Amino acid sequence: METSSEERPIIEIDDFSFSYNRGETDTLKNISVSCPEKKVTAFIGPSGCGKSTLLRSLNRINDLVDTACITNGQIRIMGQDINTPEVDPIELRKNVGMVFQKYNPFPKSIYDNVAYGLNLQGKQKQSDLDDAVEKSLRGAALWDEVKDRLKDSALGLSGGQQQRLCIARTIAVNPKIILMDEPCSALDPIATAHVEQLINTLKQEYTIVIVTHSMQQATRISDNTAFFYLGELIEFSPTKELFSNPKNKRTEDYVSGRFG
Amino acid sequence: MQDQTNPFATKKGFLQTKEKAQKFLLIFGTYSIIFFTLFVFWEILSKGAPVLYQYGTDFITRKPESLEVLAFDAGDKLEIPKKSYKTLKTYNPDNNSLTGEESFDKSFEYTTFNIEKGSVLSDAYLSEISKYNKVKITHLYRDEQAPVVFEVLNNTPLLLTPALYKKLANSSEAFKNLSATPSKVSTNLYEVTFKEKSFYLQAKTMALLADSSLIYKLYGNLTDTLDDKPNELMEVYIPENQTVLLTEAQHQGYLSDTGTGKFGEGKLQETSVKKIALTLPKGSYELPHQLFSTLLKNHPALATSHQHSLAKAPLYFAIKSNQKELRLPNSVFQQLKKDNPLLKLTDINPLTISAPFIRFNFGQACQIKLPTTDMSAFKEANEGAVNEYGQPRLNILNEYVYPYSSGGVSGPVIGTMLLVAACMIIALFVGVAAAVYLGEYAKNSGPLISTIRLSMMNLAGVPSIVFGLFGLGLFVSVAPVITSAPSIDDKFKFKIFPALVEPGLAEIEDNRIAMIEDDKNPRHSLRAAQQKGLESFYDGWVYLSFQGWGNSLIAGAFTLAIMVLPIIITSSEESLKAVPKGFREASLALGATKWQSIRTAVLPYATPGILTASVLGITRVAGETAPIMFTAAVAAKSDLPFSDLSGSPLNQFFDFMSQSVQALPYHIYTISGKLPPSEHIKPMQYGSVLVFMIIVMIFASVSIWLRMKMRGKIKW
Ligand SMILES: Nc1ncnc2c1ncn2[C@@H]1O[C@H](COP(=O)(O)OP(=O)(O)OP(=O)(O)O)[C@@H](O)[C@H]1O
Ligand SMILES: [Mg+2]
């Protein structure tokens with residue numbers, strides 16, 4: 001399970017501090033994490049500790065918050081600092097896809113949902129679109145369930161199906177990295193198992209960063225785990241090590257369920 | 001056993017009374033609303049519904065008209081077109097002195113013919129032709145050279161200038177062969193100096209001075225005043241000091257003027273002019289039109305046979321007809337042939353057309369009501385008809401006219417629909433754009449944005465009459481227009497590019513355009529147009545002229561749009577905000593640009609909310625009188641907005657948008673507030689109000705239906 005340290009990690013977070021209120025108080029404080037390619041990295045920690053904030057910094061969706069700013073450090077993806085003016089956030093987001101905590105398919109047909117990202121990039125040939133939609137749905141292990149109702153509204157799907165549709169929608173634009181913010185928090189155990197299985201397959205092709213509240217989930221699917229507490233990175237190590245042999249007292253308390 | 005054991009028995013006391021009183025007040029408040037609503041609706045329904053019932057669909061499809069009430073003596077065998085007879089029955093449902101009705105076909109003698117291409121004809125006949133035929137007549141140009149045949153009844157002595165004689169001799173053999181003797185005639189000219197000033201002169205004097213070389217600007221319409229009261233004083237403005245020569249007649253007229261601000265007597269200058277004397281023998285002559293009118297002008301004594309419409313030269317025209325050939329009633333056709341002997345007419349055939357008529361009797365003297373058009377058809381049908389005793393069959397004792405008291409509301413209804421539609425297109429476009437900008441791009445940053453929000457909030461509270469005045473000030477009188485014939489009264493103008501087409505003849509005459517031959521300086525053109533008393537000029541350039549859009553559909557639509565903008569912007573912004581954040585984030589995370597995300601993941605889901613805002617907007621716009629009073633509406637208009645359009649589609653569109661329209665609220669205001677009350681106008685008032693209410697409800701329900709349809713499709 002040990003990562004090959006020679007290869008450069010695809011995401012490098014370097015001494016990164018982030019503020020939601022123009023630098024008055026830092027929500028994230030001097031975080032340094034690196035995520036190797038085609039591995040699953042999990043972010044865990046108590047509610048409000050800044051996991052989502054860090055995740056959302058990775059594809060600059062936090063740009064939507066007017067008062068947000070980076071107060072220190074940088075994030076490099078594929079070696080490029082993503083917060084320089086030369087980086088087009090739109091191109092960045094095409095490479096760094098995101099799946100949200102609350103599944104949010106558009107109120108359109110299943111087909112249109114998956115094709116949405118491709119249609120944004122201009123007119124596509126119908127046959128190419130059909131192929132891409134099928135490939136993505138297969139990739140998200142949803143094809144067999146929806147292949148007969150592609151033109152139906154996506155809102156008619158079950159919660160787990162909707163979340164997998166969101167994953168299909170994300171992989172349709174062919175990103176390198178997929179960010180997942182508590183993808184299973186609104187799902188029942190069976191749907192969760194489906195999605196976890198999916199993540200294990202997606203790992204072959206994509207680098208995945210996942211935020212989760214479930215310790216078991218983290219151990220089941222991730223290669224490396226980062227534990228955050230009040231905006232600080234407490235511990236970052238291979239998952240097995242972090243859970244079996246935590247170096248820090250607070251990590252130990254948290255993973256053993258002694259505080260929450 | 002129940003009274004002792006019940007621990008929950010109602011306790012009587014002050015609190016309970018107070019509670020009951022409060023409840024009563026609440027009930028009273030609520031029910032009074034229902035009472036007033038019911039009262040208003042009942043009033044309109046009970047008085048309006050019988051009107052709609054009596055006049056039927058006619059009420060919706062007819063234009064507003066005057067009502068003629070005629071008192072007749074008893075008469076028999078009166079004739080009326082079948083269609084008008086129906087109207088007669090509708091308007092006089094319980095007149096029982098109409099007896100002995102019988103249908104028959106009345107035949108009319110027409111002549112069908114074709115006019116050869118390239119013919120010329122005078123205006124009056126063109127309007128006769130378009131009256132009896134479904135044709136479109138384009139006025140191409142006036143032919144000053146078209147020959148006119150005229151007859152001289154007696155030998156007439158003429159005194160011509162050599163130049164005129166030469167022209168006459170060149171263009172007519174008959175004149176060339178006349179023996180002409182040169183002679184000397186002395187004339188007096190007066191040199192008068194005019195100083196820059198505004199002053200008053202009589203209309204008849206101005207008519208004389210019009211031929212002099214004086215440069216001036218006249219306020220008011222000379223031809224109209226001249227016809228009505230030639231002694232009326234008119235304001236004249238002399239823009240600069242000038243010394244001009246006046247003829248004896250001009251000078252005399254000027255001296256005897258009763259107006260103020262005289263410049264004193266002119267200096268006499270005697271000049272003698274060579275003239276040519278000749279005698280025009282009795283007979284028939286042919287001359288180019290222009291020469292003929294010059295001749296007539298200088299020699300009013302020249303007795304000629306009557307020529308039709310000599311004031312304007314004959315027109316070259318193009319006729320586009322849906323019919324194979326043109327037709328005119330026999331008598332009109334004969335007159336046409338007589339007055340235009342050179343006109344080439346082909347395929348002349350007689351045609352008899354019969355139309356269904358009704359013959360009936362007035363059993364006794366009675367009164368009938370009819371809309372003007374039907375009444376004149378009735379009168380025309382019985383014109384000159386006499387009974388066996390030589391008395392006229394139709395013996396009118398008394399007649400009254402009540403404006404706006406008959407017909408229907410089609411004009412106002414269509415006008416209102418157009419205004420509302422145009423307004424909503426503008427308002428939704430601007431409003432949604434502004435809402436997207438304010439809500440998505442500008443957020444809450446900067447004093448400018450908060451100023452915009454504040455002014456928008458204030459705008460919502462501005463009384464509608466203020467919007468009317470604002471529209472008058474901005475759209476009606478200074479909005480920019482791109483035109484090759486700028487008005488002389490515009491605020492300012494500048495040249496853009498050379499004009500491609502000259503204005504057509506009809507345009508030149510209708511819009512009173514001064515045609516300036518290649519003058520490079522717009523100020524000279526303007527001065528020349530002013531001097532001629534015309535309203536605009538054409539000098540071969542297209543101008544951007546800030547002259548306003550006039551009282552027009554487009555000005556009204558813009559004014560109304562600005563009035564509803566606050567409603568539309570605020571509620572559009574609300575509905576944009578109500579779209580879940582998830583949609584925006586999801587689409588951005590998929591690599592959408594900001595506008596793509598707004599367009600595909602936000603706007604579509606905000607549409608139902610925006611439509612709700614339009615419901616509010618539409619009902620408010622449809623009902624407003626004040627904003628359109630000065631900007632778009634007219635009380636009376638004889639044509640529907642669609643008729644009378646010609647030219648290229650673009651041109652038609654501009655003409656369409658720049659015409660004024662009737663509007664239902666303004667119509668109701670006119671018939672109930674502006675006209676003298678009479679029993680005849682009452683039905684029109686209530687009928688119009690009922691129609692108005694129905695229309696507003698239709699507008700509202702269409703929007704609600706649209707919204708529900710949208711809601712059904714889009715859910716989250
Ligand atoms: N848009 C925002 N504007 C201001 N503050 C925010 C915003 N989003 C989050 N925060 C604050 O930043 C801190 C971290 O929030 P974040 O959403 O990253 O927590 P989290 O670790 O994802 O928590 P959870 O597990 O509950 O999702 C919180 O204190 C939160 O109140
Ligand atoms: Mg979170």
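Where does chain A land on the Kirkwood hydrodynamic radius, alpha-carbon pairs, in angstrom? Walk me through the numbers on the way to the answer.
Working: mean 1/r = 0.0527 Å⁻¹.
The Cα-based Kirkwood calculation yields 19.0 Å.
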When the charge dipole of the range B:443-568 is computed with +1 on Lys and Arg Cβ and -1 on Asp and Glu Cβ about the Cα centre, the Cα farthest towards its positive end, among B:Phe494, B:Trp541, B:Ser450, belongs to B:Ser450
Of B:193-206, A:75-88, ordering from highest average Cβ density within 10 Å down gives B:193-206, A:75-88
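Hand me the trypsin sites (Lys or Arg not before Pro) from the range B:93-146 located in a DSSP loop with no more than 13 other Cβ atoms within 10 Å, in residue order please. Let's see the in-between values first.
On the way: sites: B:Lys106, B:Lys117, B:Lys131, B:Lys134, B:Lys136, B:Arg142; in loops: B:Lys117, B:Lys134.
Qualifying residues, ordered by number: B:Lys117, B:Lys134.
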Once all protein chains are kept in place, A:Arg60 shows an accessible area at probe 1.4 Å, nearest 10 Å², of 40
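When every alpha-carbon pair in the range B:559-637 is counted, what percent end up more than 15 Å apart? Write out the running numbers ahead of the final one.
Numbers: 1950 of 3081 pairs.
In whole percent, the long-distance tail amounts to 63.
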Env charge @ B:Gly687, Cβ radius under 13 Å, K,R +1 / D,E -1, value +2
With the 8 Å Cα cutoff and a minimum separation of six or more residues, the range B:480-547 has a relative contact order in percent of 58
proj_area_mean for chain B (convex hull on C-alpha atoms), units nm², value 55.8
Rounded to a whole number, the Stokes-Einstein D of the range B:181-276 in µm²/s (Kirkwood radius over Cα pairs; 4 °C; 1.567 mPa s) is 91
For B:Lys682, counting only lysines whose alpha-carbon sits under 18 Å away and dropping same-chain residues fewer than eight positions off, the answer is B:Lys47, B:Lys63, B:Lys369, B:Lys674
Taking alpha-carbon centroids only, the range A:105-148 lies from the range A:210-249 a number of Å equal to 34
With only helices counted (DSSP H, runs n ≥ 4, each -39500 (n - 2.57)), the per-residue ellipticity at 222 nm for chain B, to the nearest 500, works out to -13500 deg cm²/dmol
Per residue, the convex hull enclosing the Cα atoms of the range B:480-547 spans a volume in Å³ of 76
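May I ask you to give the average projected area over all directions of the convex hull of the Cα atoms of the range A:135-260, in nm² rounded to one decimal? The partial results should precede the final answer.
On the way: hull surface 34.6 nm².
Orientation-averaged projected area of the Cα hull: 8.7 nm².
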Taking r as the C-beta separation of B:Asp73 and B:Phe104 and R0 as 30 Å, the FRET efficiency to the nearest 0.05 is 0.80
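Suppose a student asked you for the relative contact order of chain B, using Cα pairs under 8 Å spaced at least 6 residues apart; what percent would you report?
On the way: 1192 pairs, mean separation 150.4, N = 716.
Worked out over chain B, it gives 21 percent.
How big is the shadow of the Cα convex hull of the range A:1-95, averaged over all directions, in nm²?
On the way: hull surface 27.0 nm².
Orientation-averaged projected area of the Cα hull: 6.8 nm².
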Checking rank on A:190-200, B:671-681, with mean other Cβ inside 10 Å and highest first, the result is A:190-200, B:671-681
Relative to chain B, whose Cα atoms define the longest principal axis, helix B:289-298 and its Cα axis are tilted in degrees, nearest 10, by 70
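What is the mean number of Cβ atoms from other protein chains located within 10 Å of the Cβ atom of each residue in peptide B:595-607, rounded to a whole number? Can you show the working numbers first?
Details: counts 0, 5, 2, 0, 1, 6, 6, 0, 0, 3, 2, 0, 0.
Shielding by partners across B:595-607 averages 2.
Kindly point out which whole DSSP H helices in chain A project their C-alpha atoms 18 angstrom or further along the helix axis while averaging a Kyte-Doolittle hydropathy of 0.0 or above.
Details: long enough: A:126-139 (19 Å, -1.02); A:159-172 (20 Å, -0.15); A:189-202 (19 Å, 0.55).
Once both thresholds are applied, what remains is A:189-202.
Contour minus end-to-end for B:Ala578 and B:Asn154, with contour as 0.36 nm per residue of separation and end-to-end as the Cα-Cα distance? Walk me through the numbers before you get to the answer.
Working: separation 424, 0.36 × 424 = 152.64 nm, distance 9.21 nm.
Result for the pair: 143.4 nm of gain on full extension.
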Which residues qualify? For B:Phe72, with a placed amide H closer than 5 Å and at least 5 residues away or on another chain, they are B:Cys366, B:Gln367, B:Ile368, B:Leu397
Expressed in square angstrom to the nearest 10, the accessible area of B:Asp73 with a 1.4 Å probe stands at 60
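How big is the C-alpha Rg of the range B:635-708 next to the rule-of-thumb value 2.2 N^0.38 Å, as a ratio? Please list the in-between numbers first.
Details: Rg = 16.7 Å, N = 74, 2.2 N^0.38 = 11.3 Å.
Its radius of gyration relative to the 2.2 N^0.38 Å reference: 1.47.
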The long-range amide H neighbours of B:Thr111, using H built 1.01 Å from N in the peptide plane and a cut-off of under 5 Å, are B:Leu328, B:Asn330, B:Leu351
Partner lysines whose C-alpha sits under 27 Å from that of B:Lys577, ignoring same-chain residues fewer than 8 away, are A:Lys51, A:Lys94, A:Lys102, A:Lys108, B:Lys443, B:Lys594, B:Lys709, B:Lys713, B:Lys715
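Can you sort A:Val211, B:Val332 by solvent-accessible area, 1.4 Å probe, largest first?
On the way: A:Val211 0, B:Val332 30 Å².
Sorted by accessible area, descending: B:Val332, A:Val211.
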Relative to chain B, whose Cα atoms define the longest principal axis, helix B:603-623 and its Cα axis are tilted in degrees, nearest 10, by 60
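Sorted by accessible area with a 1.4 angstrom probe, largest first, how do B:Glu116, B:Glu191, A:Glu205, B:Glu65 fall? List each step's numbers first, then the result.
Working: B:Glu116 85, B:Glu191 55, A:Glu205 125, B:Glu65 35 Å².
Correct descending sequence by accessible area is A:Glu205, B:Glu116, B:Glu191, B:Glu65.
Quick one: net charge around A:His194, please, counting Lys, Arg +1 and Asp, Glu -1 for every other residue with C-beta under 11 Å from its C-beta.
On the way: positive: A:Arg164; negative: A:Glu145, A:Asp188, A:Glu196.
In short, -2.
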Among A:Ile75, B:Gly609, A:Asn104, the residue whose Cα sits farthest towards the positive end of the charge dipole of the protein assembly as shown (+1 at Cβ of Lys and Arg, -1 at Cβ of Asp and Glu, taken about the Cα centre) is A:Asn104
Expected field for B:Thr37, accessible surface area in Å² at 1.4 Å probe radius, rounded to 10, holds 60
The range B:127-190: Kirkwood hydrodynamic radius (Cα pairs, Å) comes out at 16.3
Buried accessible area between A and B, both sides, 1.4 Å probe, in Å² rounded to 100, is 1800
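Let me confirm one metric for peptide A:64-71, namely the mean number of other chain beta-carbon atoms within 10 Å of its residues' beta-carbons.
On the way: counts 5, 0, 3, 0, 0, 0, 0, 0.
For peptide A:64-71, the averaged partner shielding equals 1.
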Farthest towards the positive end of the dipole of chain B, among B:Asn221, B:Val661, B:Pro522 and with Cβ unit charges of +1 on Lys and Arg and -1 on Asp and Glu, lies the Cα of B:Val661
Non-local residues with an amide H under 5 Å from the amide H of B:Val148, with H modelled 1.01 Å from N and Pro and chain starts lacking one, are B:Leu287, B:His289
With Cα coordinates, the longest principal axis of chain B makes an angle with the long axis of helix B:522-531, in degrees rounded to 10, of 70
The size of the Cβ-based charge dipole (Lys, Arg +1; Asp, Glu -1) of the protein assembly as shown about the Cα centre, to the nearest 20 debye, is 1160
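How big is the equivalent ellipsoid of the protein assembly as shown along its three axes, where each semi-axis is √(5λ) from the Cα gyration tensor, reported in whole Å from largest to smallest?
For the protein assembly as shown, the semi-axes come out at 82, 42, 30 Å.
Determine the shielding of peptide A:107-114 by partner chains: average, over its residues, the number of Cβ atoms on other chains within 10 angstrom of each Cβ.
For peptide A:107-114, the averaged partner shielding equals 2.
Hey, what's chain B come to in accessible area per residue, 1.4 Å probe, Å²?
Solvent-accessible surface per residue comes out at 54 Å².
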Restricting to Cα pairs under 8 Å and 6 or more apart, the percent relative contact order of chain A works out to 27
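Could you rank the peptides B:427-437, B:247-257 by their average count of other C-beta atoms within 10 Å per residue, with the highest value first? The partial results should precede the final answer.
Numbers: B:427-437: 19.3, B:247-257: 16.5.
So the peptides B:427-437, B:247-257, ranked by packing, come out B:427-437, B:247-257.
The values are calculated or read from the model by the stated rules, or taken from the named source; none is laboratory data. Keep in mind it's a predicted model, so treat the numbers as computed, not measured. Cβ atoms come from the backbone with ideal geometry, glycine included; neighbour counts cover every protein chain shown. Protein only, heavy atoms only, side chains kept; ligands, DNA and RNA dropped before computing areas. Shrake-Rupley method; radii C 1.70, N 1.55, O 1.52, S 1.80 Å.
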